[in-house]
1. Considering only residues that are closer than 24 Å to M34 by Cα and touching a residue at least 24 places away in the same chain (Cβ under 8 Å), look in the stretch 91-100 and name the one that is surrounded by the most Cβ atoms within 10 Å (Cβ to Cβ).
2. Which numbered condition in (1) loosely packed, with under 14 Cβ neighbours inside 10 Å; (2) more than 27 Å from V158 (Cβ to Cβ); (3) of a type in the set (D, E, K, R) is the only one that K241 fails?
3. Please verify whether L194 is out of contact with any Gly (no Cβ under 8 Å at 6 or more places or on another chain), surrounded by 20 or more Cβ atoms within 10 Å (Cβ to Cβ) and modelled with pLDDT of 95 or more, treating the condition exactly as stated.
4. If a residue has to be basic (K, R) and within 21 Å of T203 (Cβ to Cβ) to count, how many in the stretch 214-258 make the cut?
5. Any residue that is outside the structural domain of K209 (by TED's automatic domain parsing), crowded, with 19+ Cβ neighbours inside 10 Å and either in contact with a strand residue (DSSP E or B) (Cβ under 9 Å, 6 or more places away or on another chain) or not polar (S, T, N, Q) (or both) - is there at least one of those in the stretch 278-285?
6. For the stretch 37-52, which positions are part of a helix (DSSP H, G or I) and either surrounded by 21 or more Cβ atoms within 10 Å (Cβ to Cβ) or of a type in the set (S, T, Y) (or both)?
7. Here are some residues: A151, A118. Which one is at negative phi, in contact (Cβ under 8 Å) with a residue 24 or more places away in the chain and not assigned by TED's automatic domain parsing to the domain that holds D66?
8. Scan the stretch 281-333 residue by residue and report those that are in a helix (DSSP H, G or I) and polar (S, T, N, Q).
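The values are calculated or read from the model by the stated rules, or taken from the named source; none is laboratory data. Being a predicted model, the structure only gives us computed values, none of them experimental. Cβ placement follows ideal geometry from the backbone for every residue including glycine, while neighbour counts extend to all protein chains displayed.
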Amino acid sequence: MGKILDFLFKSSQAHTAHDFSSISASEAYNAGLMGVAARQAARGDAHAAEKLGLIFLMSDEFHSADFWLDRASRMGLPSALRRRAELHLMFCSRPVEPNFMARGMPSLDIALSLADQAIRSGVEKSLTLKARILQARSDPAALSDNAEFLAACFTAAVEEKDDWARMIMMIGSMAGNVICLQGKDKQAAVMGWLEHGERGQLTSTYAAKLFMGKFLQGDYMELLRFSASEGNSDGLYLLGKHQIIIEKNCDEGETMVRRAIRKGNVEAMAFLADYKASHSDMASQMEADILYRDASERGHLGARAIMAIRGLQDQARGMSKDRCLEILKDCFLKNVPAARLFAQRHKLFLRA
């Protein structure tokens with residue numbers, strides 16, 4: 001009986017017109033409305049086509065998502081332009097299987113063209129999206145000198161007050177870029193971008209780092225508390241570190257650092273490893289070994305060097321002497337402070 005009722009319900013749904021502009025893609029998917037959306041999209045419903053594209057996007061189906069979002073934009077829905085640009089930007093960094101029935105593959109050029117169309121159509125957040133696409137198209141080492149990228153970030157920061165774009169302006173201000181400084185000194189420029197719009201976790205965290213490092217004058221505690229309350233991993237790590245080292249509130253600080261680690265913050269992982277290594281009990285030492293190893297595997301060179309040093313000092317940790325020396329040599333040549341200090345102290349001539 002239940003199956004019959006379910007069939008009758010779905011049959012009635014298939015012949016009922018739905019307003020796809022008023023529901024999210026996930027709501028449409030959970031309600032089993034993909035068939036209805038396809039039928040309405042085929043009859044010219046742009047919102048139904050856009051929701052289909054977003055459902056396929058959630059399923060990592062690039063070609064199907066691209067097809068339906070393109071169709072929605074051709075039906076005159078401006079928001080689909082930005083959605084499709086986001087799709088191409090997202091999948092340019094992922095492996096995508098070619099599809100002989102599809103028109104093409106992810107392209108940053110297509111993404112940029114779509115973002116420009118979305119800007120001309122007045123779609124919100126398109127200026128920031130264009131800046132992110134230009135960032136993806138650029139050499140990371142040359143971003144601070146990329147006038148087109150910085151100009152796009154400037155426009156997004158001014159017009160959309162985007163948190164990320166304002167952070168880029170703050171970074172550029174510290175680098176002395178004229179586009180970012182706008183005739184001000186570094187202190188005034190950074191504070192101007194920080195206060196241009198609603199408080200954001202990225203701008204707050206970056207400003208807090210500048211204040212903590214004494215690069216600029218300002219109170220970092222309020223900024224860190226806000227950033228941590230918003231769940232920013234750097235904010236959680238830095239506030240937790242402050243609680244442990246300065247406030248001696250170790251339990252609360254450790255909780256914050258662990259939250260940052262769960263969000264993937266490698267610096268927090270390396271710090272907690274150092275903190276646990278400073279304890280003499282066996283459980284802390286074992287956790288330190290695990291944290292150093294995990295941070296090393298994620299590319300933290302300082303943790304990698306200390307892992308090798310600890311392995312040399314205690315062969316029971318399971319690393320051979322030759323392997324430890326090999327790691328130390330690599331870190332030494334990369335100018336990792338811990339490796340260089342250990343080599344000098346023990347007269348290890350590790351230069352190749």
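1. F91
2. For K241, the exception is condition (1).
3. Considered against the rule, which asks whether it is out of contact with any Gly (no Cβ under 8 Å at 6 or more places or on another chain), surrounded by 20 or more Cβ atoms within 10 Å (Cβ to Cβ) and modelled with pLDDT of 95 or more, L194 comes out as yes.
4. Qualifying residue count for the region: 3.
5. no
6. Answer for the stretch 37-52, where residues must be part of a helix (DSSP H, G or I) and either surrounded by 21 or more Cβ atoms within 10 Å (Cβ to Cβ) or of a type in the set (S, T, Y) (or both): A37, Q40, A41, A46, H47, A48, A49, E50, K51, L52.
7. It is A151.
8. S284, Q285, S296, Q313, Q315
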